[in-house]
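First comes the structure, then the notes that go with it.
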Amino acid sequence: MSSPQRFGVRNSVNVWRRSLLIYAALMVLSMIATRFQIVAPLALTSGIQPITRAFLVGASNLSKAYDTLVKERDLSSRLAVLQKQNDVLRQQNELFQREVSRLRQVTQVMATQAPSVVGIAQVTEVDPSPLLSRLTINKGASAGLRQRMPVTVPAGLVGQVVEVSSNNAVVLALSDPESRVGVTLARNKGGRGLAFGSPPDRLKAQFSLGVNVKPGDVLVTSSLGGVFPVGIKVGTVEKVFPIGPNDVNQTVLVKPTVDVNLVEDVTVLGGL
């Protein structure tokens, strides 16, 4: 074999040898890469798991807290709206109940005292003077009120109208020193008398000596004076004063049936 032929054979052998070595090297690297994959140690993953769990729990709790906060804010807004609506309904109910009470009062007065009712009015002011007993009401001439009209409540007589303006009126209560009202003993016991105001909160009534009046007797209006309907309660006798040798009448102390300081609504009757 000539030299050139030998050289060509040798080169071919060398090429195949190198190819085999490269192939073997790649095989070894592949085996190493497959065998020795990078996997986190078990101890490391075990240590990280609690932290990861805590983080996830914290994030979940934070999300729930946010949702709760939003819901509570919405509920607070709705509650505020409902409270306002409830306040309005409560006020309307109070007005309705008061109107029902006023209508019931008028009905009761018409049935037990007098049918000629002009209207019902609210007391807006009470005279603070201990020597006077007068009320201001929120109805006047525009509502048909006139002087000398009787003013009452279901429990008994309050007084009479003495001053009238367009939208207000002044009521002279029974205990005022200028007040005068004819009275008689209730339950058909008879005996006419005259009661007048005795400040700050009582009446004095005078009867003839022949009238058998005693503490506990109830006095009602009589026809004397022609101002008030007959039979409306005025008050209860508290005391009978001693009769002097020159007295022609006997005097009694009377507690009014109606405390004008507690009255809120009054009924005005038509004049006789």
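Throughout, read-outs are computed from the coordinates displayed, never taken from laboratory work. As the structure is a computational prediction, the values presented were derived from the model and not from experiment. Glycine gets a Cβ as well: all are built from the backbone with ideal geometry, and neighbour counts include every protein chain shown.
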For segment 67-135, give the magnitude of the charge dipole about the Cα centre (Cβ charges: +1 Lys/Arg, -1 Asp/Glu; no others), in debye to the nearest 20.
140 debye
Fraction in percent of alpha-carbon pairs per bin - 5 Å, segment 88-173
3, 14, 22, 22, 20, 12, 7, 2, 0
When N counts the residues of segment 139-202, how does its alpha-carbon radius of gyration compare numerically with 2.2 N^0.38 Å, as a ratio?
1.27
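Using only Cα atoms, what is the ratio of the radius of gyration of segment 130-272 to 2.2 N^0.38 Å? If you can, show how the numbers build up before the last one.
Working: Rg = 15.2 Å, N = 143, 2.2 N^0.38 = 14.5 Å.
Against the compact-globule rule of thumb, the ratio is 1.05.
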Alpha carbon centroid spacing (whole Å) that separates segment 139-186 from segment 59-105
44 Å
